[in-house]
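Below: the structure, in structure tokens.
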Amino acid sequence: MQPERVSELADLLSRARSARAGMGNAVLVRSVSGMRCSALLGEVAERVRRLGSMVWSLSCSPSDAHRRFAVVRQLRAASLKVAGRDENIEGEEPLSGISDGTGPFDHQLFEALWEGFTQGARRHPLVVIVDHIQWMDETSLRCFGFLVRRLHHLPVLLILAYRTDETPVDRTLIDDISKCDRCQSLTLSPLSAHSVRDMVETAYSGQGCDDEFVQACAEATHGRPSRLEKLLASLTADAVPPRASQVDRVRRCGERLQAEAAAARLLRQPATLREVAEVAAVLGEEGDCAVIADMLNLYGDTIWGLTAELTRVGVFRPTGTPERYRFTNAELWRLIHRDMSADARRALHMRAARRLNDLGAPLPQVAEHLLQADVAEDAWACGVLKNAADDALKAGDPKTCAEYAWRVLRDWIPEEERAEVLWLLGRAEVLFAPAAADRHLDEAVRLFSDPARQAAAIVERAYARVLRQGSAESALRPPRTVLAHVDEKAFAELADTELSLSVQSLTSTVPEGGRAPVVAAPDRPALSHTLGVTPGERELLAAIAGDLACRSEPRDVPLELVHRALAGERPADSASLVLLLRCITVLTWAGHLREAQRWADHMLTTALDQDALFPRVIAHCQRAEIAVRLGDLSLALTEAKWALALTTAHHEVKSCHAVAVTEVARVRGAMGHCEESVGLLQGLHDLPASALGIRGMLRLHSGDLRGALADLLECGHRLEALEIVNPALSAWRGCAALAWKRLGNDAEARRLAETEVELARRWGNPAVIGQSLRSLGAVSSGAAAERALAESVSLLEQTDARLQLALSLVAAGQAQGRNGAYAHARQALHRGMLLAEESGARSLTAEAHQSLLASGGRLRRTPVSGLPALTPTERRIAIHAARGRTNKSIADLLHITPRTVEVHLTHVYSKLSIRGRNALPDALGAVLRHEC
């Protein structure tokens, strides 16, 4: 027995001895459920019997609350049993009505009961124990109140046990008993920390229990022995170790047990209390008591009394104000809501929706109730759900929009209304289920009778189909099959400016007759400086920027258009996603990698907030490509694998699988695993043209010249058909030039390389020019090769393209070594090797090392301290930490665990010789300013 119970047992036994000496008294034992009060009373009964006292043990049940004289009958039966008399003995008229509960309730009855009670007490010292008096009927309570007041001359101890978290039949009568002179109160104490530890260690014998685990057990059970036993039984059955890491699991289990106990207790409460709890469960985990009162037609302060009673019985928790309620925990709220009958639950949700609507509650709050109500053929409910779906989509919550729309579509509605809801559903599903969006938008197009609405649905469907491809080139140059039924001339007649702009942003980028349309000159309205105010205008600006980038026009104008397109608010829809994809692509091609990275991060963060799968995949692929161009292959591989995992696990984004695989292959190839990467891309159908270029490059590095050339030329054929000539997307010409060179066709090799350099110079990104010049240097010889490679290095040093710089440095060093300029060769090779190692390009690192040794160089040790010692991932995490991000926010951004962030930062602190993150801004210095 716990020390707390020992002390309380001693107190009760002391009172029993006093009663035995003729000093009769009563004890009101107060406790909450789970304190093992009944066990304590049983121990008292056993001990006093040993002392020679007579014990009458009585117990009330919930059914006794409505039966007159229920407990008095038990008392009378006990006294007659001791006297050896039959209950139906003649000559006891005052007590004759007690057996069936029909007798009068008057002073004569009290006296008759008292006489029988005293006769038993005079034979032996008497201890009367009555458990659960909260369920004692009113007449019996009055009788016991009468007995308590007259105990002082009898050798009687009367113990009345009362559960304070149950609703009593009459709290006033119990309070009156507690105020009697001969009645003392005893409140059972919860277990101490020491007692809790003893019980936990007994359950986990020999395992050594963490202090946090023991404390969590105490807090989860509030020191109630019975509940602690159940908690420990559940935890040990599930093999939960007594460790600090399991504290959350202990809390969840404790909340479940608390909820189950409170729900069981609620079933024993009066019907009015149960009804209040059910209405509250329908309204939510917390809310306004006035709404409950309104739904139940309760007036005045009645509802406050009822909610106060539910707080006393543990269903609600104190809120500090009577106007509000809140369930003890979320588990109890869900349990009460779940245990209601389905019909009653649906009816209450409909009543709640209508009442909340009348009270002016927010639309989403009303709609949440309608989701769980029967809205069949209810025009008002369907209208609310449709409006709520529209609002949710505008607020950037596509999943909620789809949920409301689906609820409306479950029942029959007129075709025109069905078309409207399908249009809403399709626009929402574009962001997480593009295939389903295509189907629903297609059905909406068929059902719409209004030409304007039909045209809007057709355009939305076209955007959904563009996004399903998942690649940048499909966004920049939508295939003709995607734009079926998008008739620019017919739509122009509808006089909808925004719709016309959206149509132009789609159709103006589609090649016709093998050539892309020529974009208006800067002085024409298409590029007016006032363009970019409305969403449709910004869509068109992004489309024009993408078109100019595809045709490798000078990058200044596309960049200006991109910045104008990205200004202002963008709705959460497919058109905005296409706009963002086009802008990120142009920024990436133009060499504005940090800016592109920020917008890709924005796309991913928004997608995570919206729980939108499709933008997540696109964002991960974009981040992977940008990381490759920045020379951070470790991060690039992480991003590409995230995209691949999403397309593998979720059928909704399966259409992006080839794009995700391509990104993984691109990164693995850059790391030196070319044959493995070729294998990844083999057998995939409908590869984008740029993916063929990547496969061709990988085959080239693997030595498969014919296969490489076939892929590269096919890539070029497809891209030229789309009028995408910019080498920023695919350097297929440079790779094909290398293949032709090795196959002996020097003239074709030089022609392709020179064409690529010309297009790159026209575009104007130094990184793309440097990459093209490296290809030209590789197919040239003598001074021409050296000039091309030297210029390549010079241009790339101005950019963030570290991996491309490493490639050009190694190529220049190898050329210088062949020409006998060993000192310059060693310098270039060493720099290239360090950059390659930093980027994670192992095969390039090994190649540079071998060339360095062949040029007479020696391998220097890799830096172990300072900024050069930081890996790309460590550098990236350090920069985020220096900018004030927490470990959790960095982990969420990079899709790693907070523990991994902590480990990386520990390495950073060690390498930079600093004490913590406060010193990071100064330690990073110029690196941080450059990243900004």
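The values are calculated or read from the model by the stated rules, or taken from the named source; none is laboratory data. Just so it is clear, the model here is predicted, and its values are computed rather than measured. Quick reminder, even Gly has a Cβ in these numbers, built from the backbone with ideal geometry, and neighbours come from all protein chains shown.
Summed over region 733-791, residues that are touching a Gly at 6+ places or on another chain (Cβ under 9 Å), basic (K, R) and farther than 26 Å from A821 by Cα total 1. Scanning region 861-883 for residues that are at pLDDT below 85 and among the small types (G, A, S) turns up S865, G866, A869.
To keep it simple, each residue is scored yes or no on (1) in a helix (DSSP H, G or I); (2) modelled with pLDDT of 80 or more.
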{"position": "E460", "(1), (2)": "yes, yes"}
{"position": "H485", "(1), (2)": "no, no"}
{"position": "K489", "(1), (2)": "yes, no"}
{"position": "S505", "(1), (2)": "yes, yes"}
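When region 353-380 is filtered for residues that are surrounded by 15 or more Cβ atoms within 10 Å (Cβ to Cβ), more than 29 Å from the chain's Cα centre (by Cα) and part of a helix (DSSP H, G or I), the ones remaining, listed by number, are R354, R355, N357. Residues in region 1-43 that are out of contact with any strand residue (DSSP E or B) (no Cβ under 7 Å at 6 or more places or on another chain), assigned to a helix (DSSP H, G or I) and within 30 Å of Q258 (Cβ to Cβ): P3, E4, R5, V6, S7, L9, A39, L40, G42, E43. If I filter region 327-340 for residues that are in contact with a Phe, Trp or Tyr (Cβ under 9 Å, 6 or more places away or on another chain), assigned to a loop (DSSP other than H, G, I, E, B) and crowded, with 17+ Cβ neighbours inside 10 Å, do I get at least one hit? Taking every residue of region 327-340 in turn, at least one turns out to be in contact with a Phe, Trp or Tyr (Cβ under 9 Å, 6 or more places away or on another chain), assigned to a loop (DSSP other than H, G, I, E, B) and crowded, with 17+ Cβ neighbours inside 10 Å. Inspection of region 778-791 identifies at least one residue that is within 19 Å of I694 (Cα to Cα), aliphatic (A, V, I, L, M), touching a helix residue (DSSP H, G or I) at 6+ places or on another chain (Cβ under 8 Å) and part of a helix (DSSP H, G or I). In the set (1) without any contact (Cβ under 8 Å) to a residue 40 or more places away in the chain; (2) over 30 Å from L266 (Cβ atoms); (3) outside the structural domain of W56 (by TED's automatic domain parsing); (4) not charged (D, E, K, R), P242 fails one condition alone, (1). Set side by side, the residues D175, D170, D137, D181 differ, and just one is surrounded by fewer than 15 Cβ atoms within 10 Å (Cβ to Cβ) and within 28 Å of A264 (Cα to Cα), which is D175. Which ones in region 349-363 are hydrophobic (A, V, I, L, M, F, W, C) and over 13 Å from V384 (Cα atoms)? Scanning region 349-363 gives A352, L359.
Residue by residue, here is whether (1) among the small types (G, A, S); (2) outside any helix (DSSP H, G or I) holds:
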position: L393; (1), (2): no, no
position: G396; (1), (2): yes, yes
position: T400; (1), (2): no, no
position: R407; (1), (2): no, no
position: I413; (1), (2): no, yes
position: A419; (1), (2): yes, no
position: L422; (1), (2): no, no
position: G426; (1), (2): yes, no
position: L431; (1), (2): no, yes
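Only residues that are outside any helix (DSSP H, G or I) and among the hydrophobic types (A, V, I, L, M, F, W, C) were counted in region 862-910, giving 3.
Residue by residue, here is whether (1) farther than 24 Å from G22 by Cα; (2) touching a Phe, Trp or Tyr at 6+ places or on another chain (Cβ under 7 Å) holds:
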{"site": "S140", "(1), (2)": "yes, yes"}
{"site": "L158", "(1), (2)": "no, no"}
{"site": "C183", "(1), (2)": "no, no"}
{"site": "D198", "(1), (2)": "yes, no"}
{"site": "A203", "(1), (2)": "yes, no"}
{"site": "G206", "(1), (2)": "yes, no"}
{"site": "D211", "(1), (2)": "yes, no"}
{"site": "L228", "(1), (2)": "yes, no"}
{"site": "A233", "(1), (2)": "yes, no"}
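When T400 is tested against (1) β-branched (V, I, T); (2) within 24 Å of D609 (Cα to Cα); (3) crowded, with 23+ Cβ neighbours inside 10 Å, only condition (3) is not met. Determine if region 18-32 includes at least one residue that is at pLDDT 90 or above and small (G, A, S). Within region 18-32 (the criterion being at pLDDT 90 or above and small (G, A, S)), the answer is yes, since at least one residue qualifies.
Criterion applied to L759, L722, L796, L712 was being over 23 Å from S677 (Cα atoms), outside the structural domain of A636 (by TED's automatic domain parsing) and buried (at least 24 other Cβ atoms within 10 Å of the Cβ), and the one residue passing it is L796. Within region 312-326, residues that are farther than 14 Å from V276 by Cβ sit with their Cβ atoms under 7 Å from residues that are assigned to a loop (DSSP other than H, G, I, E, B), at 6+ positions apart or across chains, in these pairs: G314/D165; G314/T328; R317/T328. For region 210-255, a residue qualifies if it is over 27 Å from the mean Cα position of the chain (by Cα), assigned to a loop (DSSP other than H, G, I, E, B) and under 20 Å from N329 (Cβ atoms), and the qualifying residues are H222, G223, R224. Just one residue in the set R163, R224 is in the same structural domain as S38 (by TED's automatic domain parsing) and in contact (Cβ under 8 Å) with a residue 24 or more places away in the chain; that residue is R163. Against the test of being part of a loop (DSSP other than H, G, I, E, B), of a type outside the set (S, T, N, Q), in contact with a Lys or Arg (Cβ under 7 Å, 6 or more places away or on another chain) and not assigned by TED's automatic domain parsing to the domain that holds I896, the options G857, G820 yield a single qualifying residue, G857.
Condition check ((1) small (G, A, S); (2) assigned to a helix (DSSP H, G or I); (3) farther than 24 Å from L41 by Cα; (4) modelled with pLDDT under 90) across all residues:
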{"site": "R142", "(1), (2), (3), (4)": "no, yes, no, yes"}
{"site": "F146", "(1), (2), (3), (4)": "no, yes, no, yes"}
{"site": "L151", "(1), (2), (3), (4)": "no, no, no, yes"}
{"site": "L157", "(1), (2), (3), (4)": "no, no, no, no"}
{"site": "V169", "(1), (2), (3), (4)": "no, no, no, yes"}
{"site": "D175", "(1), (2), (3), (4)": "no, yes, no, no"}
{"site": "S185", "(1), (2), (3), (4)": "yes, no, no, no"}
{"site": "S195", "(1), (2), (3), (4)": "yes, yes, no, no"}
{"site": "M199", "(1), (2), (3), (4)": "no, yes, no, no"}
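Checked against the criterion of being within 18 Å of L712 (Cα to Cα), surrounded by fewer than 23 Cβ atoms within 10 Å (Cβ to Cβ), charged (D, E, K, R) and in contact with a helix residue (DSSP H, G or I) (Cβ under 6 Å, 6 or more places away or on another chain), region 744-753 has at least one qualifying residue. Taking the listed residues A376, A402, A347, A330, the one that is aliphatic (A, V, I, L, M) and at pLDDT below 90 is A376, with no other qualifying.
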